[in-house]
Each structure stands twice: as structure tokens, then as C-alpha cells.
Amino acid sequence: MSDTEIIVCTTCRPPGASRELPADGLALFEAVQDALLECELDTGLHKGLQVRGLACMSGCSRACTVTLQARGKFTYYFGDLISDAETAGQVIACAQQHWQSADGNLARNTRPQRLRSGILARLPPVGLGST
């Protein structure tokens, strides 16, 4: 089973946010890193998860954005996220669901609350035939 990679846009800013202040996306990235570390220390449920920041994922009008991806699985791209610890914990929980799923499919009603809406894309695995 391949790892699920959590990619957080580090340059995301909500519309109208000052460029003089640190980006909300960077704050979310740091919160996700902290949540993953906490998960590792508390429960060991970090298994199969990786996190990295990426400058600009072109979701600027829907900041903050996060992607979940893994080889052979559906990729999910979420936007309109809040850059706080609660969201970070829910991102980790959703990534765990993605990692545990054979095809990466995440039913809306099983995703954590903050990742039930704001979905920007659900992309099929590379090489998956049309159905």
C-alpha cells in the first residue's frame, strides 16, 4: 500500500488578506505538521502518511488548499479550509481514510466535517480506464 501524501499550499491567502502578514497556507501547513507529529507520538496512526508544503497550487480564490494523493488512488483537492489546529487534525483523519482505502475513494459522509465541502477536484488514478 503506497503512502498518502498530504500537500498543503504554503502561499494560500483568503481573498483580501494582506501580503504583509504570513500566509494562512503556511500556518495550515505548520498545523498539519504538528498534528501529524502529535498523532505519531500519541497513537502511531501516522503510518502511511507524508506531508509536504508546496508554494501555490493555483487554488487562490478558494484558499486554503490541501491535496491528498497516492499512487494508484483517487486524488482529492480541497479548498476553503481554515488554517487552525482543528482543520489540521481533520486533514490528518481524512488522509488516514485515504491511506486505508484500496482505491482512495472518500465518500462525502465519511470524511471529517471540514472536508465534506470545499472539494475542488477528485481526479482518477493515472491509467484508470473510463467507466
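The values are calculated or read from the model by the stated rules, or taken from the named source; none is laboratory data. Quick caveat, the model's predicted, so the values are computed rather than measured. Cβ placement follows ideal geometry from the backbone for every residue including glycine, while neighbour counts extend to all protein chains displayed.
Segment 1-104 holds strands (runs of 3 or more DSSP E) entirely within its bounds, and those carrying 3 or more residues that are among the β-branched types (Val, Ile, Thr) and modelled with pLDDT of 90 or more map to 4-9.
Among the residues of segment 105-123, those identified as assigned to a loop (DSSP other than H, G, I, E, B) and either among the polar types (S, T, N, Q) or free of Cβ contacts under 8 Å to residues at least 24 places away in the same chain (or both) are ASN105, ALA107, ARG111, PRO112, ARG116, SER117. Is it the case, given these coordinates, that LEU26 is surrounded by fewer than 19 Cβ atoms within 10 Å (Cβ to Cβ) and farther than 21 Å from ARG111 by Cα? Answer is no for this residue. Exactly one residue among ALA93, ALA88 is of a type in the set (Gly, Ala, Ser), under 28 Å from PRO124 (Cβ atoms), touching a Pro at 6+ places or on another chain (Cβ under 8 Å) and surrounded by 13 or more Cβ atoms within 10 Å (Cβ to Cβ), and that residue is ALA93. In summary, SER83 fulfils each of the numbered conditions (1) in contact (Cβ under 8 Å) with a residue 12 or more places away in the chain; (2) surrounded by fewer than 14 Cβ atoms within 10 Å (Cβ to Cβ) with the single exception of condition (2). Flag set for GLY59, criterion: out of contact with any Asp or Glu (no Cβ under 7 Å at 6 or more places or on another chain), over 20 Å from GLN100 (Cβ atoms), touching a residue at least 60 places away in the same chain (Cβ under 8 Å) and of a type in the set (Gly, Ala, Ser).
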